[in-house]
1. Thr42: accessible area at probe 1.4 Å, nearest 10 Å²?
2. So how do Tyr52, Tyr61, Tyr19 rank on accessible area, 1.4 Å probe, biggest first, that is with the largest at the start?
3. Three principal axis extents, largest first, for the C-alpha atoms of the chain, in Å?
4. Pull out the extension gain between Ser48 and Thr6, defined as 0.36 nm times the separation in residues minus the alpha carbon to alpha carbon distance; nm, one decimal.
5. Is it possible to state the helix-based mean residue ellipticity at 222 nm for the chain, with each DSSP H run of 4+ residues giving -39500 (n - 2.57), the sum divided by total residues, to the nearest 500 deg cm²/dmol? What is it?
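The values are calculated or read from the model by the stated rules, or taken from the named source; none is laboratory data. These figures come from a predicted structure and were not determined experimentally. To get the accessible areas, we keep the full protein, side chains included, count just its heavy atoms, and leave off ligands, DNA and RNA. Shrake-Rupley method; radii C 1.70, N 1.55, O 1.52, S 1.80 Å.
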Amino acid sequence: MSRTLTVGQLIHQLQTLDYDQPVFLAINPDWPFAHRISQVVTVADGPSTVVYIAENGQEGYLPLAVRTELAWS
């Protein structure tokens, strides 16, 4: 199931976590690597605005526990 996450939904999921925890992007189940985040930008897209989170390099393989939680194993 694919759906677009909103800023509000992302904030809701992150708000209870420790603000000092590192955060990575899990990109692709066929190549399960963790990627660093560099910045967040917003761009006008017609009548709405879209938020993009930029990738900033590969950190390494995703741990098995992460792949399992994402059902990528």
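1. 90
2. Ranked from most to least accessible, the order is Tyr19, Tyr61, Tyr52.
3. That gives 41, 28, 26 Å along the principal axes, largest extent first.
4. Answer, rounded to one decimal: 13.9 nm.
5. My calculation for the chain gives -5000 deg cm²/dmol from helical runs alone.
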